[in-house]
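Okay, structure first, notes after.
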Amino acid sequence: MGTVHAKSLDPLPMHGRDLDVHPEDFMETPDQGQDSKQEILENKDVVVQHVNIQGLGRTKEDLLGYEISDVFHAKNLIDVMKRAHVARQRLLRLGIFKDVEVLIDTSEGTDALPNGLDVTFEVTEVKRLTGSYNTMVGNNEGSMVLGLKLPNMFGRAEKLTFQFSYGTKETSYGLSFFKPQPGHFERNLTLNMYKVTGQFPWSSLKETDRGVSAELNFPLGVTNHTLKWEGVWRELGCLARSASFAVREESGHSLKSALSHTVSVDSRNSAIFPSRGALLRINQELAGYTGGDASFLKEDFELQLNRRLFWDSVLSASLWGGMLYPIGGQPSCIADRFYLGGPTSVRGFGMYSIGPQSEGDYLGGEAYWAGGLHLYTPLPFRPGKGGFGDLFRTHFFLNAGNLCNLSYGDGPRAHLQKLAECIRWSYGAGIVLRLGNIARLELNYCVPMGVQSGDRICDGVQFGAGIRFL
């Protein structure tokens, strides 16, 4: 038997005829000995005797042993091909190889068994220094991003990254170091140093953060967890001379040291246009117990359910909520509160223009909830079906929510009553465009309802861009 190549990331076929080839196509000029050996390999158990990796430079071999060891457990030729394909994917996800090619051949040499196989991974390492330039879409804002990376810094998939971002509302630069656990890439540690300057016109506020953070990510059963510590020196100032007195009172410097934990379960088949599955994300943040001026406990969650209906339509329901509890008797900071409203949350209202405000500046709230019911359908008459047209969806929605401050001495019943008062809601329809699998654009016609005094509305056409939508 000759050499079998496995280079594509597409699933490997279960039988040769799925490739429209016959086993003879993989053979060199046959003789009787080769025919006998091929019969053994194709119809009986095989043994993977050797796994070789060619093309290594600065990568440590012990790192790769974790990723390819499963190939030795293969029992037949098809199993070898499947396990080699999985190992190739695991090698590529490390981000240290530009290309990985798999070659499967019969064993040779004095120790070769009649049913022995050798598997060889031919790898091409990425360069020591790489650069990137791209654009990024945030929640109703865009950014230009420049980056420099030193991948595989110490030979075990570490990565040092410098990134500069210039956006419509935010400018930032930072240095990060990423270190995965060998054999468990999803368990990783990230260290960050950064400076971020942002403008928040709905609050006439500008904020400059200089901070460091350490983040540990790991899976546990069906859940994914993130443990994070962050220390930030925050500088708040007024964006305009017309800023309200309430915003001016918040101006100045503060230190925040916070511990946070995020747990998520995500069974959706797509983050942007899911047709089935659910998402549950719960985040908890505790500030003040490790130092700093800010002291609070903050909890928030996100829930999304998706179900496919008839004619490729999808019904989606989502619910957000959160509460911030100040600790030590001091009031919460405007930079820590929740904000609601806009094309990415309660549509038909201005960006973050729901809830407490002073002289036209929105101050955020310490508790909120928001819910949405959406129906996504293909475009009428299905133009561009199977191609560009599949990036679009028709969108019908109903949104509702509320944002307020609570008196924590009143008890849970009073809190629920206050959150149930003055509910803002809206309905409408529009078109949604998927940008890859990371962001989307919406163009909706909105009808806001339940408008309260001080709310800023967007009655009619509203455009939104972002990575997280209600």
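The values are calculated or read from the model by the stated rules, or taken from the named source; none is laboratory data. Being a predicted model, the structure only gives us computed values, none of them experimental. Cβ coordinates were reconstructed from backbone atoms using ideal geometry, including for glycine residues, and neighbour counts include every protein chain displayed. What goes into the accessible areas is simple: the full protein's heavy atoms, side chains included, and nothing from ligands, DNA or RNA. Shrake-Rupley method; radii C 1.70, N 1.55, O 1.52, S 1.80 Å.
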Work out how far the C-alpha atoms of region 47-125 reach from end to end along every principal axis, then list the three figures in whole Å, largest first.
-> 36, 24, 18
Given (i) 91, 55, 41; (ii) 85, 72, 43; (iii) 93, 61, 41 as possible values of Cα extents along the principal axes in Å, the one from the coordinates is (i)
Per residue, how much accessible area does the chain have with a 1.4 Å probe, in Å²?
-> 52 Å²
Normalised by the number of residues in the chain, what is the relative contact order in percent for Cα pairs under 8 Å and 6+ residues apart?
-> 9 percent
Which whole-angstrom value gives the distance between the alpha carbon centres of region 63-141 and region 353-420?
-> 44 Å
By accessible area (1.4 Å), largest first, R434, R88 order as R434, R88
Accessible area, probe 1.4 Å, largest first, for residues F72, F301 = F72, F301
So if we plug the beta-carbon distance of V47 and L255 into 1/(1 + (r/R0)^6) with R0 = 51 Å, what FRET efficiency do we get, rounded to 0.05?
-> 0.25
Per the 1/(1 + (r/R0)^6) rule, R0 = 30 Å and r from the Cβ atoms of T197 and Y66, FRET efficiency to 0.05 is 0.15
When the accessible area of region 47-125 is computed with all protein chains present and a 1.4 Å probe, what percentage of it is carbon and sulfur?
-> 48 percent
Quick one: which residues, 5 or more positions from L205 or on another chain, have an amide H under 5 Å from its amide H? H modelled 1.01 Å from N in the peptide plane, none for Pro or chain starts.
-> F200, L239
Looking at the square roots a ≥ b ≥ c of the eigenvalues of the Cα gyration tensor of region 127-264, which shape do they give, rounded for a/c under 1.5, prolate if a/b is larger than b/c, or oblate?
-> prolate
Could you go through region 234-249 in sequence order and give the Karplus-derived ³J(HN,Hα) for each residue, using 6.51 cos²θ - 1.76 cosθ + 1.60 with θ = phi - 60°, rounded to whole Hz, and x for Gly and Pro?
-> 10, 10, 9, x, 8, 7, 8, 5, 7, 4, 5, 5, 4, 6, 4, 4
For an R0 of 30 angstrom, estimate the FRET efficiency from the Cβ-Cβ distance between A420 and K385 and round to the nearest 0.05.
-> 0.10
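I need to check one value: relative contact order of region 102-183, counting alpha carbon pairs closer than 8 Å and at least 6 residues apart, in percent.
That works out to 19 percent.
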Using alpha carbon centers only, region 312-348 is separated from region 451-470 by a whole-angstrom value of 14 Å
Sequence-distant residues sharing a close amide H with M153 (under 5 Å, placed H) | E158, K159, L160
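From the Cα gyration tensor of region 363-467, with a ≥ b ≥ c the square roots of its eigenvalues, which class applies: rounded if a/c is under 1.5, or else prolate if a/b is larger than b/c, or else oblate?
Prolate.
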With each pseudo-label sitting 7 Å past Cα toward Cβ, what's the S267-V126 distance in nm, one decimal?
-> 3.3 nm
With all protein chains in place and a 1.4 Å probe, F200 shows an accessible area in Å² (nearest 10) of 60 Å²
At a 1.4 Å probe radius, carbon and sulfur cover how many percent of the accessible area of region 181-466?
-> 61 percent
Taking Cα pairs under 8 Å and at least six residues apart, what relative contact order does region 47-125 come out at, in percent?
-> 44 percent
Among all the lysines, which ones have a C-alpha under 26 Å from K228's C-alpha, if same-chain residues fewer than 8 places away are not counted?
-> K149, K159, K169, K179, K195, K206, K256, K298
Starting at the first residue of region 281-297, write each ³J(HN,Hα) from the Karplus equation 6.51 cos²θ - 1.76 cosθ + 1.60 with θ = phi - 60°, in whole Hz, x for Gly and Pro.
-> 10, 10, 10, 10, 9, 10, 10, x, 7, 10, x, x, 8, 7, 9, 6, 10
Kindly report, to the nearest 10 Å², the accessible surface of K228 as traced by a 1.4 Å probe over protein heavy atoms only.
-> 60 Å²
Taking θ as phi - 60°, what are the ³J(HN,Hα) couplings along region 183-196 by the Karplus curve (6.51, -1.76, 1.60), each to the nearest whole Hz, with x for Gly and Pro?
-> x, 9, 4, 6, 9, 8, 10, 10, 10, 10, 10, 7, 9, 10
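On alpha-carbon atoms, Rg over Rh for region 210-261 using Kirkwood Rh?
Ratio value, two decimals: 1.24.
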So how exposed is R281, as accessible area in Å² (1.4 Å probe, rounded to 10)?
-> 80 Å²
Spin-label point model (7 Å from Cα, Cβ direction): what's the T290 to H184 distance in nm?
-> 2.1 nm
